[in-house]
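*Asks:* There's a structure below that I have some questions on.
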Amino acid sequence: MRHMRGVGAVVAGIAAMVALSGWGGSGGDEAKPASSPSASNEAVDPKSSEPEPSVEYPATPEGDIDRLADEKGWVVDDLYPAASDFVADICESLPVSAVDGASRPQWLAESGNMDGDGKAVLQAGIPKLCPKWTPVMKQAVSGKYDRWFGDGTYVVSSKPAAAGEDEETIPPGMYQARGNMKDCYWERTTKSGDIIDNHLATSAQEITVTIRASDGQFTSERCAVWKPVR
């Protein structure tokens with residue numbers, strides 16, 4: 001009998017230890033070990049912590065322009081894949097830009113290509129891709145350049161028309177048109193539209209007109225480009 005009591009005491013002790021440790025339970029359910037705090041965290045993608053690969057720029061003038069544009073955060077029109085493509089297009093356009101009745105710096109300044117970051121990109125890029133046009137670019141940036149005028153009606157004013165305005169302006173001064181002109185017609189009018197002076201040249205190679213500050217408008221039809229006489 002003494003031996004049996006000893007076994008019973010051992011069994012009772014084991015049962016107490018099981019109860020205190022949380023194992024076992026009512027209804028035969030098995031106890032579950034407590035989850036660690038990190039078990040609920042989402043799995044971390046090892047790729048997300050890897051640094052983005054750096055862009056490699058070719059050791060060319062184009063690469064220098066693109067690297068600088070990316071470093072400065074310059075943005076060009078979506079038409080161009082990169083800043084250097086924008087500069088290359090302007091370099092190709094400058095030689096023929098004057099055929100549209102505007103001087104090259106006038107075309108560059110008034111075409112919208114220098115809006116936004118365009119001016120900074122062209123200032124950095126033209127000396128690298130087409131350095132012969134650097135003086136033209138500098139004139140366009142400064143605003144000090146000759147303005148040429150093709151056919152149309154212009155309001156006489158020393159100030160260029162503001163962006164978005166329909167009317168174009170022409171400063172007072174002496175202008176000359178040269179070329180093989182047939183039926184070239186020009187007229188100067190008052191602010192109310194009355195004709196001050198006009199002329200129709202059925203055939204001419206050179207015509208000079210002086211536009212006065214008191215004039216209202218100047219009109220040209222079928223004439224060559226009017227350039228200021230210095």
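So that you can scan it fast, the table gives a plain yes or no per residue for (1) touching a His at 6+ places or on another chain (Cβ under 9 Å); (2) over 21 Å from Gly101 (Cα atoms); (3) of a type in the set (Gly, Ala, Ser):
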site	(1), (2), (3)
Trp186	yes, no, no
Lys191	no, yes, no
Ala204	no, no, yes
Ala213	no, yes, yes
Phe218	no, no, no
Ala224	no, no, yes
Lys227	no, no, no
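*Asks:* Sort out which residues of segment 96-119 are assigned to a helix (DSSP H, G or I), of a type outside the set (Val, Ile, Thr) and open to solvent by 30 Å² or more (accessible area, probe 1.4 Å), and write them in order of number.
*Replies:* Hits for segment 96-119 are Asp100, Arg104, Trp107, Ala109, Glu110, Lys119.
*Asks:* Give just the number: which of (1) under 18 Å from Lys132 (Cα atoms); (2) among the aliphatic types (A, V, I, L, M); (3) modelled with pLDDT under 90 does Ala88 not satisfy?
*Replies:* So Ala88 meets the others, but not (3).
*Asks:* I'd like to check something: does segment 132-155 contain any residue that is open to solvent by less than 50 Å² (accessible area, probe 1.4 Å), touching a helix residue (DSSP H, G or I) at 6+ places or on another chain (Cβ under 6 Å) and in contact (Cβ under 8 Å) with a residue 60 or more places away in the chain?
*Replies:* The answer is yes, given that some residue of segment 132-155 is open to solvent by less than 50 Å² (accessible area, probe 1.4 Å), touching a helix residue (DSSP H, G or I) at 6+ places or on another chain (Cβ under 6 Å) and in contact (Cβ under 8 Å) with a residue 60 or more places away in the chain.
*Asks:* Within segment 177-219, how many residues are in contact (Cβ under 8 Å) with a residue 60 or more places away in the chain and touching a Cys at 6+ places or on another chain (Cβ under 9 Å)?
*Replies:* Matching residues across segment 177-219 total 0.
*Asks:* Taking the residues in segment 193-219 that are open to solvent by less than 90 Å² (accessible area, probe 1.4 Å) and in a loop (DSSP other than H, G, I, E, B) as candidates, determine which candidate is nearest to Pro171 (Cα to Cα).
*Replies:* Filtering first and then ranking leaves Ala213.
*Asks:* Still on this structure: Under 23 Å from Ala98 (Cα atoms) and either open to solvent by 50 Å² or more (accessible area, probe 1.4 Å) or touching a strand residue (DSSP E or B) at 6+ places or on another chain (Cβ under 9 Å) (or both): is that true of Ile170 in this structure?
*Replies:* yes
*Asks:* Also, I was wondering about something else. If you go through segment 156-167 one residue at a time, do you hit one that is in contact with a strand residue (DSSP E or B) (Cβ under 6 Å, 6 or more places away or on another chain), more than 28 Å from Gly116 (Cα to Cα) and open to solvent by 80 Å² or more (accessible area, probe 1.4 Å)?
*Replies:* no
Matching residues to (1) at pLDDT below 95; (2) more than 31 Å from the chain's Cα centre (by Cα); (3) on the phi > 0 side of the Ramachandran plot; (4) of a type in the set (Phe, Trp, Tyr):
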site	(1), (2), (3), (4)
Val156	no, yes, no, no
Lys159	yes, no, no, no
Met174	no, yes, no, no
Asp183	no, yes, yes, no
Ile196	no, yes, no, no
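*Asks:* Among all residue pairs at least 6 apart or on different chains, which show Cβ distances below 6 Å where the first residue, located in segment 65-90, is more than 16 Å from Gly116 (Cβ to Cβ) and the second is aromatic (Phe, Trp, Tyr) and open to solvent by 30 Å² or more (accessible area, probe 1.4 Å)?
*Replies:* Asp66/Tyr57; Arg67/Tyr57
*Asks:* Looking only at segment 87-95, decide whether some residue is under 30 Å from Cys223 (Cβ atoms), out of contact with any strand residue (DSSP E or B) (no Cβ under 7 Å at 6 or more places or on another chain) and among the hydroxyl-bearing types (Ser, Thr, Tyr). Please lay out each step first, then the result.
*Replies:* Initially, segment 87-95 is screened for residues under 30 Å from Cys223 (Cβ atoms), giving 90, 92-95.
Still in the list and also out of contact with any strand residue (DSSP E or B) (no Cβ under 7 Å at 6 or more places or on another chain): 90, 92-95.
Pick out the ones that are also among the hydroxyl-bearing types (Ser, Thr, Tyr) and you get 93.
Yes, some residue in segment 87-95 is under 30 Å from Cys223 (Cβ atoms), out of contact with any strand residue (DSSP E or B) (no Cβ under 7 Å at 6 or more places or on another chain) and among the hydroxyl-bearing types (Ser, Thr, Tyr).
The values are calculated or read from the model by the stated rules, or taken from the named source; none is laboratory data. Note that this is a predicted model, so its numbers are computed, not measured. Counting neighbours? That spans all protein chains shown, and the Cβs are built from the backbone with ideal geometry, glycine included. In case anyone asks, the SASA skips ligands and DNA or RNA and just uses the protein heavy atoms, side chains included. Shrake-Rupley method; radii C 1.70, N 1.55, O 1.52, S 1.80 Å.
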